[in-house]
Each structure stands twice: as structure tokens, then as C-alpha cells.
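Report on the following structure.
Computed from the coordinates by the stated procedures, all read-outs in this text should not be read as laboratory data. Given the structure is predicted, the values throughout are model-derived calculations rather than measurements. Cβ placement follows ideal geometry from the backbone for every residue including glycine, while neighbour counts extend to all protein chains displayed.
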Amino acid sequence: MYAFTYQRPTSLADAATAIQAEEAKLLGGGQTLLPTLKQRLARPTDLIDLGAIAELKGIREADGGLEIGAFTRHAEVAHSDLVKRVIPALASLAEGIGDRQVRNMGTMGGSIANADPSADYPSAVVALKATVTTDRRTIAGDDFFTGMFETALEPGEIVKSVRFSRPDKAAYAKFRNPASRYAIVGVFVARFGGEVRVAVTGAAGSVFRAEAFETALAADFRADALNGLSVEADGLNADIHASADYRAHLVTVMAKRAVEAAG
Amino acid sequence: MANPNGIGASVRRREDQRFLTGRGNYTDDFKRLNMTHAVHVRSPYAHARILGIDFADAAAMPGVVAVLTGADMEADKVGSLPCGWQIHSKDGSPMKEPPHYPLARDRVRYVGDAVAVVIAETREQARDAAEMVVVDYEELPAVGSSTRAIAGGAPLVHDDAPDNVCYDWHLGDKAAVDAAFANAAHVAKIDLVNQRLVPNAMEPRAAMGEYDQSSGEYTLTTTSQNPHVTRLLMGAFVLGIPEHKLRVVAPDVGGGFGSKIFHYGEEAVVTWAARKVGRPVKWTADRSESFLTDAHGRDHVSHAELAMDADGNFLALRVSTLANLGAYLSTFAPSIPTYLYATLLAGQYKTPAIYAEVKAVFTNTAPVDAYRGAGRPEACYLIERLVDVAAGVMGMDKTEMRRRNFVPKEAMPYQTPVALQYDTGDFAKNLDIALPLVDYPGFQQRRAESKARGKLRGIGFATYIEACGIAPSNVAGALGARAGLYECAEVRFHPTGSVTVFTGAHSHGQGHETTFAQIVADRFGIPIENVEIVHGDTNKIPFGMGTYGSRSLAVGGSALVKAMDKVERKAKKIAAHMLEAAETDIEVKDGRFTVAGTDKSLGIGDIALQAYVPHNFPLDELEPGLDEQAFYDPKNFTYPNGCHVCEVEIDPDTGVTTIVSFAAVDDFGNVINPLIVEGQVHGGLVQGIGQALYENCVYDEESGQLVTGSYMDYCMPRADDVPSFTVRYHEDQPCTHNPLGVKGCGEAGTIGAAAAVMNAVVDALSDYGVTHMDMPATPEKVWRTIRDAAPAMAAE
């Protein structure tokens, strides 16, 4: 780890000022950033710890859905009675992130701002028609993830909260990388009346919607409705753990499992 | 009454108190006044020429004490890291033994090869400066795999090793094997890869060197499984320090699995540098360095054929193996794919003729050496996979196939056609115990139930035998070992009756501080609390050959018994004197010395006190003191053996294999501490399962870059990957040639498990015509196998 200046602002305004420093980085739960620093793969001048900002915390019911502060840890989402009641699939997703240590530290805002292609939360943001509120504006979940480790966030823009719509039915199914336990493929299926959303993480550079799956499920919300459907392997991620065509296959398998779990 | 903490008692590990409360003392925990920190500059290339090293900027960085290179070591006449075992090729020529310098001199030969060392006030300063060292490399073509090493026109790792061959060795009677194959009714064949593994000890390697200018004494504190061997190798061959001026301490060590047997360059670097800079120098590997530079394990590519008669009796076995030794010869590397592998190819079977050829090659990868099981898992895996293929060829039940060919108990001692002589073993009994544990008759029904749920179920058997308790020095010497393989123990009774035991075995997870104390408590009828076990310090222990090859109890425990024998003889003399009886009239039981036929007796505590307060000793006949030392050199290897049975269920949609059950039946001879034995088996099984389903050390074949250099890509088994194990052992076949009748248990789990798991996986896929799959059986590999076979199945 290279030396840096550690700052711990207590208000969003102070954080917004602090992040203006030239090579400053925001620190959420640190579950990606800290290992990166330890490996000397990043060299920020300043680390702005968002952990002392009350405005970034808390889980509220809002517009029938949920509003979750950016600095809410995965374990808090997983164990929240409110989340379990309103969107149980979201609690269950959070309970499956990483391991206990990661869940106790990692935050929702950190996860989505980092936009790791194999992170779990991006699938929920897209499938649950979320909107992301920052210190500057509101961004539709559909527009938030723009590429591998890339988002619509501007330099220095800070995620405040994420607002999720409440689906009638939803579930998340993932196939873990056996080594890292990140998602090789994760599929979040959510049904809102006659509309179905199927968001896929892990498989490609960024989360995407499987539109053919959505159409089929909107007509018939059963796993069998996906028989014969698959996403194109072209353009999917490929590494020593999973080739593109294996990932494409797993998208269908996980989508079916999510539909079954959604009931 | 039997001692509640004696032999056979499941005493909880005494050392765990400090380990579990964070009070262990590991090498990195040691701090010294004025201590400096070393960070190595390592090659990013698998193969390159060093054209120059510019460290002017680095040397000027804050806190930097020194930047040292191979040229500095050469100027100080630092030698090459020695190899402890010499193999001769078929043609009688000795193996190629190119130099292996602690800091590379002209060329680097694997990613991670050390080029320079930066020594600074803090580790971070040393790291900062190490990044500023500019090495001018001329990249050379690399060899990233053993098959590439022997391909025509492959680049040479060492100029003086033509075709990259270290040795081309063989064992067995080729003519007899050829004749048996000519007359065989059936032949089973297999091609398989035993993939490379990274040892992954929990504690990374670390070393601290100190030099005392006033006495000229060096101290090396290091993560070693055998400090005396390191003292000998480093002192005599690398740095030229005589033993009496070099102390090597291996304090608490957090696991080794073989990887800490060897003498590594970093140990020599910090010891040498400590004198050079006049201050203590400490180096601790980070996890990335562990991946890159710990000696790896396995890495065989083999072809094997088994000849059978019309009834499925084995007639002959023919094996050809290509072994990857990496870029340099690690300490015991040459012996692993030869005398610890080919000699085990008889397995539990009475195959009358066996011939094995092993070609060992250099590649631009990390050195490969002993890793838990060391050669024996490779042998077991090959035999047991081949036996399953043979059962398929014969259409015979896999247990029947094995039973038919077992060496019968009555044939013990049994001389195999590959040098070893098994002393004891009842292989049919192991199988008989195992079958009810797994409800073998009910398997077909369970398979049908799985199928009804869309799942594929398979059962796999593996029988193994290993040569442990390494080893008789005369045999090892005849086979090329450059060291003896005995063990030493000293038993020191103190005046008030407590005991300190000094053992040359080293404990880095095995629980010696408990088991060795149990042996002493049992022998002398004293509380276990009165016994302290000291190990891991060359200034305290008379001598030692360390811990590896499941040898501590069989060899070190036997030395302990010999030393206790001497103590008892001496105590008997003292008792006779105190009780005014003839020595021949003294009877000894559980530490009480009684004059036969009387009620006159003394406890060992009374005798110990008298030994140190010898007011009326007949000093011409009886020396004061009660402190004895013994060396034990075994007569033979020991032969732990067993039968492992694994049941798996495969999800064909994802290719995920789940281990449903695993039963291990082992014969370890007599058992000192069942709890520790069970723990050793559990750990071993998980490591074997790791190889079968998860672990794979991958180098890019052309660039020689390590692809799986972190836990993001190198898959370690986790607790939720394995089932609750069923572990049984029996003590019907104690070792016949050591005093405790023990065989060793440290490696057994690893040796049997991989084969049992893979046999189960292949069995589960047998409906798809699958007869073999290389490890690890990753989800994608299994899924692809099913997918590629499925259309063929549909067409049939």
C-alpha cells in the first residue's frame, strides 16, 4: 500500500469537497479498493471514507418500494426485516454476496459505483427498476451501468441512495465462480404485473437485460417458458473458469431457477 | 490404571491454546532491535537474460540500507542451493544439476525468480525502493509446460540440459512386462494428467537472519519443517558457515504440506545480508510471492497400461510418466517422481511385473517438489483410475476387480516388483469395513432416485498404500539420497520429576506437543502436564531430520522410545541402588520400579530426584543425572494403507459435482491420539478433494506467466465444499519393525481422496460413455463432457 491521506467527513457536502482533490478516491466498504491498494495497483492521494455520513445510511420504505442508503452494508440489507418483507429477493441476494466478512463491510453504494461485471447488486438495480440518487441528480437504473467498471457517475459524484420498486414476484439465482465466489452468471428475475424484467450479471462486461426471456416470461411466468431460449455467446466474458458458451448456457439455467424460486 | 492422557487417548491438542488465542510465535512475529526488512525484486518474465541492474535510484530512496544483487553474492563466493537427491538415468549418467543461485546471476528462469534484494528500515520502504530497481531484461522464449519442454526445437531452460531433460530414469523388469503383455487376454489403457498444485500453507514463508559480530554466530529464524537440514544445506553448501556458528530456529510454523521442507534462496539471502549490513534482516513473503515461489507439487503427464488374463487377474503394469521439475532442482525434487512414485505403483495389488519410465524435465516454471503425499498420490491416482478402466474392460464390479487382485494378508511380508517390501496390511479388511459404511448394495437405488430428480450419481473407490516413515538411511542412500533419514530424541528428567523432550521432528500442525507427550506420560505413568516437547531449534535439539513423509511418529516417535528405554535402564540402576536390590530383581511398570516379590518400590519421580542429588551414589558404577539421547534409523518404510469411498451427485445442467458422502477406512497401525489422527485424515481428504474438483495451477504454456496467481483464480476447497466425513481405522496390522507399531497418518487422506472422487465422477458420467476425465472436474469441464456426449447418446 502506498501512503495516502485519510479523511472521514461527516457530511455529504464535506465529502463532495474532499473528493475534489486531484487523486482522491471514495471509500465505501473497501472490499475492492483495499485489496487493490494492498496490491499497489492504485495510488490515491486521498481516501475519503464515507462511513461517518449519516445521510448515506438507512433503509426506508418509499413509494411502496425501498430506499436504501448508499452506505448500507450488505449484511444490513440481508438481515433487514423491512427488506425481507418488501423485497425478499433483495435480502436473499445480499445474503449471498461474497462471504460473511465481505457482507459485514461491503456497501451497496460501493458495489454499484465500482460496477464490477461479476457483482450481484447491478442485476437488482436493473431488474427492480431502481433509480440511483446522487449528490447531484437522479439516474435511472437502466442508464446507470455503462460498461465494465464504468457507470454514468461523473468524477466526484457521490451515490446517496438507491430506490427499488417492489415487484410482485422476484428471485435471484447465481452461479458462483468456485474460486472467487463472485457471480460467473447471476440472473435477477422480477415480475411487475404484466411486465417481467430479467437482468443478467457476471456474463458480460456489464449487467444486461435478456429481452427474449422477458417477453416469454411476460406471456407465461414459468421456467418452461424459457425452454429453447438462450442469449448469444458472442461478446460474453470468457476466462479459465467459464467460456462464453458455458456462460450463455448458464444464463438460461439460472433464469429458470430464478423463475422457479420466485414461485 | 491406564494413563488418561496416555497412548490411545483423544487428548485435545495442547498447542491449540496458543494458536487459537493468537499467541503463537511465528517467524514474522519476531522483532529485533535495529531489525531491517528485505523485499526481493523478482523477474516478471519466465525466461530472460539480465543485461544490467540499475539500482542507483532505489539505493537513494528513504530508509534504504542496501540493495544487493547476484553479483554481490558471487563476489562473496555464495554457492548454489544444493539438491539433496541424485538420480541416475537409464544409461547410468547422473541427472543434470544446473546451479540454482539465491539471486539470479545471468538469467532468470521463472516468473518470480529473485534478481535483487532491497533492505530498508521498514517493509514499505523496501517495497517502494524495490519498485525503483530497474532491471534490463532481454526476454527469451519460454517453456511453460512439460510437454512443450520435450517438443522438438523447444527453448532450453539450461544450456547444459539438452532437450530440457534432467534425467530419463526407469524401474522394474521391462522384459518381463513385455512378455506378460504379449500373452495378455485383456489390456486396459489410460492417459492422464496429474495437474500442478500450489501448496498454500496458511502462513507464508518468512526468514530472519542475524549475525553476532562478537561471536561470529549466525541465527536464521525460518518457516522450516526441518531446521537441521536447512542448517546443513545452507551452512555447508551455500554460505560456508560451520554448524557450530549457525543456529537455525523454526518456531511455530503455520502449515507446510511439504513446501517448507526445502532450503530456499531467501533464507540464504537474509542470513548473508545480516552480516553484510550488520543488522538483523527479515523477509516475509506476501501471498503473491507464495504463489510464485513456494515449490509446487505434482505436475505429471502419464500413459499407463495394465495387462490382465481372461479372469481379470493383473499380469503386468507399464507406466510412462513425464514429470515437470520446474526451472531449478528444489531440495528433494528428483526423488519425488522416482523413488516416491514408481516404487508405489504396485499399490495394493499383486501385479507380478511392473515397469515404469520417468522422464523429468526443466521448464520455466516454479520448482516442483514434495507436496503432501509427494509421488504417492500420483501413483495411487494412476493405479486406481486404471483399475476402474480395467473393471470397465472386463465388465466386472469395481470392488470385485480390486478384491481379486489384492495382495492377500497371508502374503505379508510382500516383496513388490518395484523395490519395496510391505510389512503388513489387510486390504480386504479395509474394503470389508468400508462397504457397509457406504451401503454399497443400496447404491443402484440411490442412483435411480438421483436420476428421477435429473441428477447423475456415481460411486468411486480408491485403495492406497504409501511408503512412509522415511526412511532407512542405507536404502535411501543406495537410491541417491545425499542425507541420512534417521531421527533423534533426548529425554531429560528434571530433579523434581518433570520431563523435557527434545525431538528432531518438527511440528507445524501435526500436534507433536500433545502426542509425543502422551507417549512419555504413558511410559512413565506421569501426568501429561509434566512433559514438555521442544522442537525446531538446532541449538536445543541434538540433531534432527524434520517432519515430512508422515515420518514424525514412526521415526521420531521411535527415537523417543529408544531414549526412554535408555532412561528406564538408567533409572533401574538407580532404583536398584536405592532399594538395595540387584538390578535384575527390579520390575518396571508404568514408571514404578519394584523389587520383585516385595512391596518395596519407587516412582520415577523419586528416582529422578535421587539422580540429581546423588549423595551416596557409587560413582564408579553410576553417573548422576537422568538425561538420555537416542538416534533411530528405521529398518524399513512403514506402509499405511486404506480404502476410500466417495459418492457424488452431478447436476447435468450446470456440471457441478457435489460430494454426497465420503468414507475413509485407514490402517495406520497403532494410534496414539485418535482425535488428532481423525483431524489429519479430514485435512488430507480436503486436500485430495481440492485436487480432484477445484485446484489447478495454470501457467501459460508459451509465456510461462502464472495464470492462477491468487485466490481469485486458484480455487481452494472451502468448508462448505465438503461433506461430513465418515472416518474409521483399525489397529489389527501394526507395523512390525518399529517399537510403537505405528505407520503414520499425515498424508493418507490426500493420497486416497483424489482418486476416489474422480472414480465417482467418471462413474456418474458412465452413461455418457465417459471412461476418464482429467482433474480438476470443474463444472464447465463436466458440463461440456455431458453436452458433447449427449448428441451421441441420443443417436444411439
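Just a few scattered comments:
- Among B:M308, A:M1, the ranking by other beta carbons within 10 Å of each residue's beta carbon, starting with the fewest, stands as A:M1, B:M308.
- Neighbourhood charge, 9 Å Cβ-Cβ cut-off, centred on B:M564 and excluding it, Lys, Arg +1 and Asp, Glu -1: 0
- Over 20 Å (Cα to Cα) - which of A:K84/A:K160; B:K540/B:K573; B:K540/B:K635; B:K90/B:K174 fall in this group: A:K84/A:K160; B:K540/B:K573; B:K540/B:K635
- R0 of 25 Å, Cβ-Cβ distance B:A60-B:D286: FRET efficiency to nearest 0.05: 0.55
- Taking every C-alpha pair closer than 8 Å and separated by at least 6 residues, the mean separation divided by the residue count of chain B gives a relative contact order of 16 percent.
- The local environment of B:L315, defined by Cβ-Cβ distances under 15 Å, has a net charge of 0 under the rule Lys, Arg +1 and Asp, Glu -1.
- Bridge type composition, segment B:640-730 - antiparallel percent by DSSP, nearest 5: 75
- Using the Karplus relation 6.51 cos²θ - 1.76 cosθ + 1.60 with θ = phi - 60°, the per-residue 3J(HN,Hα) values for segment A:83-91 come to 4, 4, 7, 7, 9, x, 5, 6, 5 Hz, with x marking Gly and Pro.
- B:Q445-A:M148 pseudo-label distance in nm [points 7 Å out on the Cα-to-Cβ vector]: 5.3
- Helix-derived mean residue ellipticity, 222 nm - over chain B, DSSP H n ≥ 4, -39500 (n - 2.57), to 500: -8000 deg cm²/dmol
- Anisotropy class of the protein assembly as shown from Cα gyration tensor, a/c 1.5 cut: prolate
- Label-point separation in nm, B:R482 to A:A219, each point 7 Å along Cα→Cβ: 7.5
- Structural descriptor for segment A:169-262: relative contact order 31 percent, calculated from alpha carbon pairs under 8 angstrom and at least 6 residues apart.
- Ranking B:Y639, B:G454, B:A790 by Cα position along the charge dipole of chain B, where only Lys, Arg, Asp and Glu carry charges on their C-beta atoms, puts B:Y639 farthest toward the positive end.
- Using the Cβ-Cβ distance between B:R18 and A:D99 with R0 set to 22 Å, the FRET efficiency works out to roughly 0.25.
- Rounded to whole numbers, the Karplus 3J(HN,Hα) couplings from phi for segment B:563-575 are 5, 5, 4, 5, 4, 5, 4, 5, 4, 5, 4, 5, 4 Hz, using 6.51 cos²θ - 1.76 cosθ + 1.60 with θ = phi - 60°, and x at Gly and Pro.
- Gain upon complete extension [B:S93, B:V134; 0.36 nm per residue less C-alpha separation]: 10.7 nm
- Computed from the C-beta positions of B:N183 and B:D774 and an R0 of 45 Å, the FRET efficiency is 0.90 to the nearest 0.05.
- Normalised contact order of segment B:486-632, rounded percent, pairs of Cα under 8 Å and 6 or more residues apart: 33
- Cα long-axis angle, helix A:244-262 against chain A (0 to 90 degrees, to the nearest 10): 80
- Here the residues B:H47, B:H158, ranked from fewest to most Cβ neighbours within 10 Å of their Cβ, fall in the order B:H158, B:H47.
- Radius 14 Å from Cβ of B:K409, net charge of other residues (Lys, Arg +1; Asp, Glu -1): -3
- B:R32-B:M578 pseudo-label distance in nm [points 7 Å out on the Cα-to-Cβ vector]: 4.4
- Each residue of segment A:153-164 is assigned a 3J(HN,Hα), and the resulting list reads 5, 8, x, x, 6, 10, 6, 9, 7, 10, 10, 9 Hz, derived from the Karplus form 6.51 cos²θ - 1.76 cosθ + 1.60 (θ = phi - 60°), x at Gly and Pro.
- Pairs beyond 26 Å (Cα-Cα), from B:K96/B:K260; B:K96/B:K781; B:K96/B:K245; A:K256/B:K398: B:K96/B:K781; B:K96/B:K245; A:K256/B:K398
- Residues B:T221, B:T736 arranged by fewest to most Cβ contacts within 10 Å: B:T736, B:T221
- The length gained by stretching the chain between B:S473 and B:D767 to full extension, at 0.36 nm per residue less their Cα-Cα distance, is 100.9 nm.
- Charge dipole (segment A:54-164, unit charges on Cβ, about Cα centre) - positive-most of A:L93, A:G156, A:A78: A:A78
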